[in-house]
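Visitor: One structure is given below, represented as structure tokens, and several questions about it will come after.
The values are calculated or read from the model by the stated rules, or taken from the named source; none is laboratory data. Note that the structure is a prediction, hence the values are computed from the model and not measured. A quick note on method: Cβ atoms are made from the backbone with ideal geometry, for glycine too, and the neighbour counts reach across all protein chains shown. Remember, those area values only see protein heavy atoms, side chains included, never the ligands or the DNA or RNA. Shrake-Rupley method; radii C 1.70, N 1.55, O 1.52, S 1.80 Å.
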Amino acid sequence: MDVTGVDTTGAGETFLTDDGVRLWAARTGGDAGEPVILCHGGPGLWDTLEEPAALLPGNPAYRWDQRGPGRSQRSGPYSTDRSVADLEAVRRHFGLERVTPLGHSWGARPALAYAPAHPARVGGLNYVSGTGIDDDSTWHPAHKEAFHRRLGERPGRRERRQELRERGDGRTDAEDREYRSSSGRWTSPTTTAPRHTPRPWRPRDSASTTPATPPSARS
């Protein structure tokens, strides 16, 4: 800890959001330049951006586990708006005046949405491999078709996945791992979940087609 009580070792700390959910976050880097808040992909993953954060040795870099997976509390609601509010909670917790959100994959969506929601708090934006600002109808149907086609390659796989999906928060950690592996999503031989495995979710928001606000995902 430094003299302000903020963790600067990268070990991390937890804090409460405005709706009472406990999130984990960590600070690394130096004190030069504008603070960068890194938003990992998913949804349903934990922080995977420790190595990219190390490429910013001069800037203060803040990483966090989004609500649900990793070291953060398993508790909804899950939505783009809620992720934006959680990103703002990270900024407020560390007492940062202005930040540069850096979002990767799914994390690029709340990072982009944060900018018009809190323009006075944003000094820049790094948008890495997101789904773009087009409406989901331009890409999601083809993605869903390919996903279901892949599930159908093994007899009973799609039915078993649906059974596990319907159990929702009643799934055990072992069933969560089975659910993720049956989906063919978010598995890596080099990535280990901290503390517990993620519970995949898909944000439920109202559709948007305006460029200022990223499109919303649909189940």
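Visitor: Quick one: Ala120 ticks every box in (1) under 30 Å from Asp176 (Cα atoms); (2) at pLDDT 95 or above; (3) assigned to a helix (DSSP H, G or I) bar one, so which box is it?
Guide: Of the numbered conditions (1) under 30 Å from Asp176 (Cα atoms); (2) at pLDDT 95 or above; (3) assigned to a helix (DSSP H, G or I), the odd one out for Ala120 is (1).
Visitor: Conditions first: (1) open to solvent by 10 Å² or more (accessible area, probe 1.4 Å); (2) modelled with pLDDT under 90; (3) not β-branched (Val, Ile, Thr). Arg22 passes all but one, so which condition is the exception?
Guide: Looking at each condition in turn, Arg22 falls short on (2).
Visitor: Based on this model, can you work out whether Ala61 counts as free of Cβ contacts under 8 Å to residues at least 24 places away in the same chain and over 12 Å from the mean Cα position of the chain (by Cα)?
Guide: no
Visitor: Another question about this same structure. Which one is farthest from Gly130 (Cα to Cα), of the residues in segment 84-116 that are small (Gly, Ala, Ser) and open to solvent by 10 Å² or more (accessible area, probe 1.4 Å)?
Guide: This residue is Gly95.
Visitor: Then there's this: Which members of segment 139-187 meet the condition of being modelled with pLDDT of 80 or more, more than 26 Å from Pro77 (Cα to Cα) and not acidic (Asp, Glu)?
Guide: Ala142, Ala146, Arg149
Visitor: Right, something else. Looking at Arg74, Arg109, can you tell me which residue is charged (D, E, K, R) and modelled with pLDDT under 90?
Guide: Residue meeting the stated conditions: Arg74.
Visitor: A follow-up question, please. Using beta carbons and a limit of 7 Å, which pairs, at least six apart or on different chains, have the first residue in segment 83-94 and within 14 Å of Ala26 (Cα to Cα) and the second one of a type in the set (D, E, K, R)?
Guide: Final answer for the pair search is Ala89/Asp18; Arg91/Arg121; Phe94/Arg27.
Visitor: Against the definition (of a type in the set (Lys, Arg), assigned to a loop (DSSP other than H, G, I, E, B) and open to solvent by 30 Å² or more (accessible area, probe 1.4 Å)), how does Arg67 come out, yes or no?
Guide: no
Visitor: Sticking with this structure for a sec: Of the residues that sit in segment 124-151 and are of a type in the set (Val, Ile, Thr) and in contact (Cβ under 8 Å) with a residue 40 or more places away in the chain, which one is surrounded by the most Cβ atoms within 10 Å (Cβ to Cβ)? Full working, then the answer.
Guide: Quick first cut of segment 124-151, residues of a type in the set (Val, Ile, Thr) only: 128, 131, 133, 138.
Now restrict to residues that are in contact (Cβ under 8 Å) with a residue 40 or more places away in the chain: 131, 133.
Details: Thr131: 18, Ile133: 16.
Among those that are of a type in the set (Val, Ile, Thr) and in contact (Cβ under 8 Å) with a residue 40 or more places away in the chain, it is Thr131.
Visitor: Residue pairs, Cβ under 9 Å, 6 or more apart or interchain, first in segment 157-172 and over 17 Å from Phe147 (Cα atoms), second open to solvent by 50 Å² or more (accessible area, probe 1.4 Å) and not hydroxyl-bearing (Ser, Thr, Tyr). List them.
Guide: Asp169/Arg74; Arg171/Arg165; Arg171/Glu178
Visitor: Run Gly103 past the list (1) touching a Lys or Arg at 6+ places or on another chain (Cβ under 8 Å); (2) part of a loop (DSSP other than H, G, I, E, B) and report the number of the one that doesn't hold.
Guide: With (1) touching a Lys or Arg at 6+ places or on another chain (Cβ under 8 Å); (2) part of a loop (DSSP other than H, G, I, E, B) applied to Gly103, the lone miss is (2).
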